[in-house]
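See structure below.
The values are calculated or read from the model by the stated rules, or taken from the named source; none is laboratory data. Only a predicted model underlies this, so the values are computations on that prediction, with no experimental measurement involved. Here the Cβ positions follow ideal geometry from the backbone for every residue, glycine too, while neighbour counts run over all protein chains shown.
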């Protein structure tokens with residue numbers, strides 16, 4: 001998805017610059033061709049050609065589409081076993097209700113206050129090493 | 001303490017994230033619309049009209065596509081946050097890019 | 001910068017006088033000013049992190065004292081999460097402990113080192129940070145303004161796409177002393193003002209955080225004193241006494257009172 | 001299901017933020033170690049410095065658990081050369097290295113000296129706390145240590161740092177092990193005051209209240225009936241609050257199911273709990289699904 005949005009963005013920007021350049025050329029021409037003493041309403045006759053106007057609007061449309069395409073649905077990655085498939089609730093933005101917002105952790109299967117409930121600083125290093133060493137012997 | 005103070009508990013981190021994403025969309029589209037109106041050499045009223053129409057159009061698109069027509073789920077008071085909060089900021093940004101492209105092309 | 005733009009005003013009545021300006025002028029004035037302002041904005045955010053407040057080492061008793069103050073504030077704020085009896089036990093214990101000032105930081109200095117309240121590091125530290133913060137916001141603005149005025153003054157730069165009232169004339173046409181030139185023809189300082197107001201969206205896109213330049217100017221102007229901290233700070237004992245009184249007087253309201261109705265409403269039969 | 005780089009990064013980020021790696025059993029530890037080794041050596045543009053550092057911190061402890069001491073020392077030396085010695089995490093790493101290279105007593109003396117000489121007078125908010133916590137855990141397996149010794153140490157540290165949630169949780173667990181339910185509930189209630197939206201703590205309080213009620217029920221003393229109802233009601237309140245804060249919280253709904261089974265007038269909540277557990281079996285991740293199904297079968 002995001003590659004498509006980047007490509008569209010590039011196309012839109014190029015088109016906008018091209019429209020800008022052609023509009024610039026048109027106005028330089030307009031300035032040099034109308035000599036000083038002609039009244040200014042004469043200038044109004046030479047309007048910006050329609051194809052440039054159209055080009056500007058099309059480029060803006062493409063750019064808007066690319067910006068909205070750059071948002072993709074929020075995905076959650078379960079952490080307990082790796083081959084769990086990605087869970088998505090089909091939403092682009094995250095829900096602000098606390099009861100819904102905390103679902104992210106439930107779906108992923110992680111305890112958000114793990115840095116407290118797992119008592120990480122109270123882990124007995126020696127016992128852990130012994131336990132892992134025994135396991136390593138078995139494989 | 002009113003009753004829904006306990007039941008309508010909001011997650012402030014998500015409120016912040018949604019605000020940031022809305023701001024990103026509004027900023028980039030306003031700057032681009034400013035460049036466009038400068039290229040079209042729009043004069044004062046037309047220019048501001050283009051800003052207003054563009055700003056409202058993008059906000060409606062945002063509500064439709066990204067909020068799936070339920071902005072209440074993502075913003076505490078959607079009308080205020082989407083349309084009014086960033087209005088002045090986007091207007092000045094628009095004026096800047098509009099003046100810039102108007103001068104460069106003009 | 002010699003006035004190389006062909007200045008010739010056509011005195012037509014309604015329509016705006018049409019000057020023909022040298023396009024080179026715009027490329028060598030508009031672009032540099034914008035680029036400089038964006039770069040200064042980025043530089044400013046990185047400098048802010050560099051001069052940010054350092055982690056200040058302080059004696060353990062001071063940390064304990066602050067902890068007890070925030071514990072009392074926590075109980076005042078989140079007491080509603082408890083049932084009434086457990087709240088009352090805590091209310092009594094904490095108000096008594098804070099009332100006595102049992103954990104006020106008696107400055108147990110390292111042998112031989114005398115802690116003098118006036119040279120107390122954290123008080124002066126917070127004042128220093130406040131001053132640094134203000135300076136970092138204020139200085140770049142004035143420097144750029146001086147730079148624009150000095151190097152890009154004295155000529156008409158561009159025509160604004162929108163009309164403005166006469167009142168803006170002397171501000172936007174600084175350095176151009178013509179009486180009847182329409183306000184839409186402006187000098188380069190006007191581009192500086194427009195950019196200051198309009199750069200926030202661009203900063204947000206580049207840096208990902210919305211640095212609000214314009215509002216910083218007003219905040220700096222509003223409280224030049226920057227809120228004097230330091231020795232005037234309320235002493236911890238007084239804070240503790242105040243908190244213990246508040247604790248005694250609070251009326252407890254638990255969130256468990258109507259929780260069953262709320263759950264029925266939230267998850268009941270849809 | 002290729003989850004690509006973002007998937008692995010998100011997974012590592014959650015693991016390192018919630019410190020899950022301290023709870024994994026050996027097989028998962030080995031797997032995590034190899035994945036992380038691979039990930040840290042691949043270039044990931046979206047990995048910011050903060051995450052990078054905490055991942056290296058996790059890698060250090062994984063190496064220590066897997067007894068790869070030399071590699072752990074290498075990581076410590078890199079970080080120390082980059083940031084200097086005086087930061088909480090590096091103090092802890094240094095103590096861990098002392099523990100594994102020499103023995104616990106040397107580490108205990110190191111901590112005691114550094115606290116008495118330096119940290120008592122000039123410490124950042126974390127170093128004193130983290131080192132003292134490690135001191136308590138080391139003193140646990142000193143021979144002469146009795147359970148209430150540990151409790152005394154914890155209470156002393158809590159008196160110095162009254163708002164550290166981990167200490168309160170540790171005290172709560174210790175009291176629960178000794179069977180002192182009321183003290184344990186007091187400690188876990190501290191958690192709820194410190195972190196108002198901590199639905200895990202609410203569920204923990206509810207769990208202990210429920211066990212306390214079951215214990216009362218067994219005693220069959222006369223006036224236990226009202227006490228039993230009050231305690232059960234309090235347990236239900238806490239469980240309901242935890243579920244109000246988090247819709248798909250498996251433990252919360254299970255507690256409601258079990259508690260309302262004991263009560264006779266709360267049929268509605270029993271149905272709501274069953275409904276939501278059923279929803280969890282449809283929506284949530286695989287391990288929650290299995291547990292939810294098991295609970296539903298057991299109850300019906």
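In region B:17-51, the residue that is farthest from the chain's Cα centre (by Cα) out of those that are assigned to a loop (DSSP other than H, G, I, E, B) and in contact (Cβ under 8 Å) with a residue 40 or more places away in the chain is B:41. Every condition in (1) surrounded by fewer than 19 Cβ atoms within 10 Å (Cβ to Cβ); (2) facing another protein chain (nearest Cβ under 7 Å); (3) at pLDDT 85 or above holds for residue A:40 except the one numbered (3).
Let's see how each residue does on (1) at pLDDT 80 or above; (2) part of a helix (DSSP H, G or I); (3) surrounded by fewer than 17 Cβ atoms within 10 Å (Cβ to Cβ); (4) under 18 Å from the mean Cα position of the chain (by Cα):
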{"site": "D:118", "(1), (2), (3), (4)": "no, yes, yes, no"}
{"site": "D:129", "(1), (2), (3), (4)": "yes, yes, no, yes"}
{"site": "D:136", "(1), (2), (3), (4)": "yes, yes, no, yes"}
{"site": "D:142", "(1), (2), (3), (4)": "no, no, yes, no"}
{"site": "D:149", "(1), (2), (3), (4)": "yes, yes, yes, no"}
{"site": "D:159", "(1), (2), (3), (4)": "yes, yes, yes, no"}
{"site": "D:167", "(1), (2), (3), (4)": "yes, yes, no, yes"}
{"site": "D:171", "(1), (2), (3), (4)": "yes, yes, no, yes"}
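Touching a residue at least 24 places away in the same chain (Cβ under 8 Å), surrounded by fewer than 19 Cβ atoms within 10 Å (Cβ to Cβ), out of contact with any strand residue (DSSP E or B) (no Cβ under 6 Å at 6 or more places or on another chain) and more than 7 Å from every other protein chain (Cβ to nearest Cβ), is that true of residue B:83? When the stated conditions are applied, residue B:83 passes them.
Scanning region C:220-250 for residues that are modelled with pLDDT under 85, surrounded by 14 or more Cβ atoms within 10 Å (Cβ to Cβ) and assigned to a helix (DSSP H, G or I) yields C:220, C:230, C:236. Identify the single condition in (1) out of contact with any strand residue (DSSP E or B) (no Cβ under 9 Å at 6 or more places or on another chain); (2) not in a helix (DSSP H, G or I) that residue C:176 does not satisfy, given that it satisfies every other one. The failed condition is (1). The residues of region D:179-195 that are surrounded by fewer than 21 Cβ atoms within 10 Å (Cβ to Cβ) and closer than 13 Å to residue D:208 by Cα, listed by number, are D:179, D:180, D:181, D:182, D:183, D:186.
Every residue, every condition in (1) in contact (Cβ under 8 Å) with a residue 40 or more places away in the chain; (2) part of a helix (DSSP H, G or I); (3) in contact with a strand residue (DSSP E or B) (Cβ under 9 Å, 6 or more places away or on another chain), yes or no:
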residue	(1), (2), (3)
A:83	no, no, no
A:104	no, yes, yes
A:115	no, yes, no
A:127	no, yes, no
A:132	no, yes, no
A:136	no, yes, no
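Among the residues making up region C:163-173, a single one is out of contact with any strand residue (DSSP E or B) (no Cβ under 9 Å at 6 or more places or on another chain) and either in contact (Cβ under 8 Å) with a residue 60 or more places away in the chain or within 11 Å of another protein chain (Cβ to nearest Cβ) (or both): C:163. Counting the residues of region B:56-80 that are under 18 Å from residue A:60 (Cα atoms), in contact with a helix residue (DSSP H, G or I) (Cβ under 6 Å, 6 or more places away or on another chain) and touching a residue at least 24 places away in the same chain (Cβ under 8 Å) gives 3.
Residues in region B:50-72: is at least one within 9 Å of chain C (Cβ to nearest Cβ) and surrounded by fewer than 19 Cβ atoms within 10 Å (Cβ to Cβ)? There is no residue in region B:50-72 that is within 9 Å of chain C (Cβ to nearest Cβ) and surrounded by fewer than 19 Cβ atoms within 10 Å (Cβ to Cβ). Here residue C:214 meets each of (1) within 12 Å of another protein chain (Cβ to nearest Cβ); (2) modelled with pLDDT of 85 or more; (3) assigned to a helix (DSSP H, G or I) with one exception, condition (2). Would you call residue A:57 modelled with pLDDT of 90 or more, more than 13 Å from chain D (Cβ to nearest Cβ) and in contact with a helix residue (DSSP H, G or I) (Cβ under 6 Å, 6 or more places away or on another chain)? No; evaluated as a whole, the condition is false for this residue. Within region B:1-21, track down each residue that is in contact with a helix residue (DSSP H, G or I) (Cβ under 9 Å, 6 or more places away or on another chain) and within 11 Å of chain C (Cβ to nearest Cβ). Listed by number, the residues that qualify are B:1, B:3, B:4, B:5, B:6, B:7, B:8, B:9, B:19, B:20.
Being surrounded by 14 or more Cβ atoms within 10 Å (Cβ to Cβ), in contact with a strand residue (DSSP E or B) (Cβ under 7 Å, 6 or more places away or on another chain), at pLDDT 85 or above and within 13 Å of chain B (Cβ to nearest Cβ) is a description that applies to residue C:160. Say whether the condition of being in a helix (DSSP H, G or I), at the interface with chain D (Cβ under 7 Å from one of its Cβ atoms) and within 30 Å of residue D:129 (Cβ to Cβ) is met by at least one residue in region A:91-100. Looking for residues that are in a helix (DSSP H, G or I), at the interface with chain D (Cβ under 7 Å from one of its Cβ atoms) and within 30 Å of residue D:129 (Cβ to Cβ), one finds at least one in region A:91-100, hence yes.
Residues in region D:116-170 that are more than 14 Å from chain C (Cβ to nearest Cβ) and touching a residue at least 40 places away in the same chain (Cβ under 8 Å): D:134 only. The residue that is farthest from the other protein chains (Cβ to nearest Cβ), among those in region A:72-81 that are touching a residue at least 24 places away in the same chain (Cβ under 8 Å) and surrounded by fewer than 18 Cβ atoms within 10 Å (Cβ to Cβ), is A:72. Does residue D:176 fit the bill of being outside any loop (DSSP other than H, G, I, E, B), more than 14 Å from every other protein chain (Cβ to nearest Cβ), touching a helix residue (DSSP H, G or I) at 6+ places or on another chain (Cβ under 6 Å) and free of Cβ contacts under 8 Å to residues at least 40 places away in the same chain? So residue D:176 does not fit the description; no.
Criterion applied to A:69, A:107, A:48, A:119 was being modelled with pLDDT of 85 or more and more than 7 Å from chain D (Cβ to nearest Cβ), and the one residue passing it is A:69.
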